[in-house]
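Here the structure comes first, spelled out in structure tokens, and everything after it is commentary.
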Amino acid sequence: MASMEITQNINQSSAQNISTRLRRQTRIGENLIQGFLFLCGMISIFTTIGIVFELGKESLLFFSTPEVKLIEFFTTTTWQPSIGKFGVLPLVNSTLMTTIFAMLIALPLGLAAAIYLSEYASHKARSILKPILEILAGIPTVVYGYFALTFMTPLLRGIFGEDNVQIYNTLSAGLVMGIMILPLVSSMSEDALSAVPRSLRDAAYGLGATRLETAIKIVLPAALSGIIAAFIIGISRAIGETMIVAVAAGSGPAFTFNPFKGAETMTGYIARISGGDLAYDTPDYNSIFAIGLLLFGITLILNIVSRRLVAKYREVYE
């Protein structure tokens, strides 16, 4: 026993000496990498702070205008800055409509594609299909916008009638936006499903579960935190999308729940106004910063909710 204790003490002492020597050694390469990573992090932080500062400063100019009232901004349904009407609800409503339509496409199809790639596809099929699916993420969004205008809208008009579906409408923009977001949702969900330990699948198969039962009842709940994060990131991506809605959804702020009619979204309005010839420090010009700050707030809330849900449903495996 005494010899064992002496051996353990010697081993601990040697380990401490090695650890001390390792800490004292100067590693110029690692220090440079650490400093570079720290610099990148600080640049990201200060960039975010700068964006929020500029949005807040310009938004303060907008809300300090006598004809702009904060309560009316969030509660009224008429957005016409040229005549002093600043109710943002039409823009928010059309943004939420296109986002809902996009999620109806991206979430179920993206999750189904992720389950197939993770649980059913062979390694060779996965190596071929996943890059093909992710090609959709590399297509410029303006191309998606004209695809919605020249393909999806005529398709909807052929199905529901030209008298019912306007050329510019939120449904076609939302559906094509869902196609654009599909690779993001499927890729992140597939990564979450693939991270589930193989032992859980083997245990389910050993109890007689089918592959579908294993995927739905075992793997999916175990990867729920990652899937929720993918869904919320997809929603944030849809809310912030610009070119598809600017091209296909319409350019008139209308408070309507009819998906076959045109309605301008928040990002579409920002793109239209920022590209126009407006004088600085006018209500029309400053309104784009107020709407940008509102978009930032919505995205921030979604990120906070995502972190809470991920922390709540996170599974830790050892």
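Kindly indicate whether residue 118 is in the same structural domain as residue 272 (by TED's automatic domain parsing), more than 30 Å from residue 258 (Cα to Cα), without any contact (Cβ under 8 Å) to a residue 12 or more places away in the chain and not hydrophobic (A, V, I, L, M, F, W, C). No: the conditions fail for residue 118. Please verify whether residue 232 is hydrophobic (A, V, I, L, M, F, W, C), touching a residue at least 24 places away in the same chain (Cβ under 8 Å) and either assigned by TED's automatic domain parsing to the domain that holds residue 154 or not in a helix (DSSP H, G or I) (or both), treating the condition exactly as stated. Here the answer is yes, as residue 232 does meet what is asked.
Of the listed requirements (1) assigned to a helix (DSSP H, G or I); (2) at pLDDT below 90; (3) surrounded by 12 or more Cβ atoms within 10 Å (Cβ to Cβ), residue 68 misses just one: (1). The residues on offer are 136, 184, 155, and the sole one that is modelled with pLDDT of 90 or more and closer than 17 Å to residue 113 by Cβ is 184.
Against the conditions (1) free of Cβ contacts under 8 Å to residues at least 24 places away in the same chain; (2) farther than 18 Å from residue 112 by Cβ, residue 266 satisfies every one except (1). Which of the residues that make up region 74-92 are at pLDDT 90 or above, in a helix (DSSP H, G or I) and surrounded by 19 or more Cβ atoms within 10 Å (Cβ to Cβ)? 90, 91, 92 - these are the residues of region 74-92 that are at pLDDT 90 or above, in a helix (DSSP H, G or I) and surrounded by 19 or more Cβ atoms within 10 Å (Cβ to Cβ). The number of residues in region 108-138 that are of a type in the set (Ser, Thr, Tyr) and over 15 Å from residue 185 (Cα atoms) comes to 3. Put simply, of 132, 181 the only residue that is farther than 18 Å from residue 238 by Cα, of a type in the set (Val, Ile, Thr) and assigned by TED's automatic domain parsing to the domain that holds residue 226 is 132.
Among the numbered conditions (1) modelled with pLDDT of 90 or more; (2) under 30 Å from residue 152 (Cα atoms); (3) not hydrophobic (A, V, I, L, M, F, W, C), the only one that residue 214 does not meet is (2). Taken together, 109, 96 contain a single residue that is among the hydrophobic types (A, V, I, L, M, F, W, C), under 21 Å from residue 268 (Cα atoms) and not in a loop (DSSP other than H, G, I, E, B), which is 96.
The values are calculated or read from the model by the stated rules, or taken from the named source; none is laboratory data. Nothing here was measured: the structure is a model prediction, and the numbers come from that model. Backbone-built Cβ (ideal geometry, glycine too); neighbour counts: all protein chains shown.
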